[in-house]
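Note sheet for the following structure.
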Amino acid sequence: MKPPRFDYHAPSTVDEAVALLARYGGDAKVLAGGQSLMPMLNFRLTRPAALVDVNRIPALAYVREDGDAVALGAMTRQRTIEFSPVVARRLPLLHEATRWVGHLPIRSRGTIGGSIAHADPSAEYPAVLTALDGEVVAQGPRGRRTLKPRELFETYLTTRLAPDELLVEVRLPAMPAGAGYAFEEFARRHGDFAIVGIAAMVVRTGSRCTAARLASAGAGPVPLRLRAAEEILERDGLGEAAVEAAAVRAGELVDPDSDVHASAEYRRHLTQVLTVRALRRAVERSREPSGTGHPRPEPGSRTPLQ
């Protein structure tokens with residue numbers, strides 16, 4: 001199918017883009033990588049009066065260290081993130097999650113801001129943002145504001161960004177040196193959206209877990225921080241019994257829906273199994289002084305879960 005008619009604008013600055021969004025009063029869509037928007041237009045699932053193409057705003061594409069955080073411009077391509085030495089060194093969880101995103105053509109066009117603003121709960125970047133307790137920066141006619149994941153994500157494919165606001169930056173706290181991390185997901189085919197995914201990070205001092213981060217993807221209308229499961233690890237350590245207990249609690253915390261891909265019960269089961277897998281790998285990596293290894297998931301590694 002062909003998309004419906006729309007006005008097309010390609011601003012060269014953020015201020016111009018925001019002014020265009022305000023002019024159309026909520027009846028405009030932002031075009032970033034287009035990996036989700038273009039299929040929706042072609043199937044006429046959305047009928048905006050205008051597209052505001054932000055690909056010609058160079059100020060929106062960057063990866064830079066900013067003290068204890070890493071700032072990523074909203075138009076930073078996923079392929080850039082995949083090969084960024086700054087991301088590999090300071091945000092290895094984001095680096096690993098990026099390699100689960102679709103296929104090479106998708107990562108070559110897709111952007112971190114577009115993925116987060118699209119708010120698909122099965123996507124990898126919203127889960128990483130949630131696990132690391134990052135924030136996004138939005139700019140509108142009244143200036144800029146920052147939003148934490150709990151403030152940003154509302155429900156399926158819906159955020160609390162105002163119609164005249166543009167997501168301009170993603171900020172993630174740099175991971176502690178020596179932190180263990182893992183991103184695990186299960187999909188029917190390599191490159192498909194995850195049925196369930198788990199982002200994990202652990203920080204240890206000897207046998208103690210000084211900090212744990214767990215977040216789910218695909219197990220509810222928004223990515224979920226699994227705080228009660230984290231508390232088990234921070235209280236009981238990183239032994240196998242604590243890992244198993246945290247995984248059981250993770251399965252209890254999620255509230256997934258059933259759909260054509262999987263039942264709610266199966267998604268809870270996947271949450272538990274993938275949490276065990278992610279935590280085991282994170283704990284193993286946490287023994288390494290640098291904690292910066294980032295092996296690529298193999299396409300054949302998605303085996304049926306028992």
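The values are calculated or read from the model by the stated rules, or taken from the named source; none is laboratory data. These numbers were taken from a predicted model, which means no experiment stands behind them. Cβ sites come from the backbone with ideal geometry, for glycine too, and all protein chains shown count toward neighbours. Each accessible area value is taken on the protein alone, full model and side chains, heavy atoms only, with ligands, DNA and RNA left out. Shrake-Rupley method; radii C 1.70, N 1.55, O 1.52, S 1.80 Å.
Taking the Cα centre of the stretch 62-172 as origin, sum charge times position over the Cβ atoms of Lys and Arg (+1) and Asp and Glu (-1), and report the length of that vector in debye to the nearest 20.
240 debye
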Q | Relative contact order %, the stretch 133-238, counting alpha carbon pairs below 8 Å whose residues are six or more apart | A | 19 percent
Q) Mind checking which of ARG213, ARG142, ARG225 has the largest fluctuation in a GNM of the chain, springs on alpha carbons under 10 Å? A) ARG142
**Q.** Computed magnitude of the charge dipole of the chain (debye, nearest 20; Cβ of K, R +1, Cβ of D, E -1)
**A.** 560 debye
Q.
Given the options ALA117, LEU253, GLN272, identify the residue whose Cα lies farthest towards the positive end of the charge dipole of the chain (+1 on Cβ of Lys, Arg; -1 on Cβ of Asp, Glu).
A. ALA117
(Q) Hydropathy at least 1.6 by Kyte-Doolittle, axial extent at least 24 angstrom from the Cα trace: which helices of the chain, defined as entire DSSP H runs, fit? (A) none
Q) For the chain, with the dipole built from +1 on Lys and Arg beta-carbon atoms and -1 on Asp and Glu ones, taken about the Cα centre, which of SER216, ILE232, PHE193 lies farthest toward the positive end? A) PHE193
Q) Roughly to the nearest percent, how much of the accessible area of the chain is carbon and sulfur, given a 1.4 Å probe? A) 51 percent
**Q.** Structure-derived Kirkwood radius over Cα pairs in Å - corresponding label in [x] 22.3; [y] 23.0; [z] 19.7
**A.** [z]
Q: Take peptides 4-11, 229-236 and line them up by average Cβ neighbours within 10 Å, highest first, as a rough protection proxy.
A: 229-236, 4-11
Q. Ignoring ligands and nucleic acids, what accessible area does TYR266 show with a 1.4 Å probe (Å², nearest 10)?
A. 70 Å²
**Q.** Relative contact order (percent, whole number), the stretch 7-54, Cα cutoff 8 Å, 6+ residue spacing
**A.** 58 percent
(Q) Please list, in order along the stretch 34-39, the HN-Hα scalar couplings obtained from phi with the Karplus expression 6.51 cos²θ - 1.76 cosθ + 1.60 (θ = phi - 60°), rounded to whole Hz, x for Gly and Pro. (A) x, 6, 10, 5, 5, x
Q. Roughly how many debye, to the nearest 20, is the charge dipole of the stretch 38-81 about its Cα centre, given +1 on each Lys and Arg Cβ, -1 on each Asp and Glu Cβ, and no other charges?
A. 380 debye
(Q) Taking the solvent-accessible surface of protein heavy atoms with a 1.4 Å probe, what is the per residue accessible area of the stretch 62-172 in Å²? (A) 36 Å²
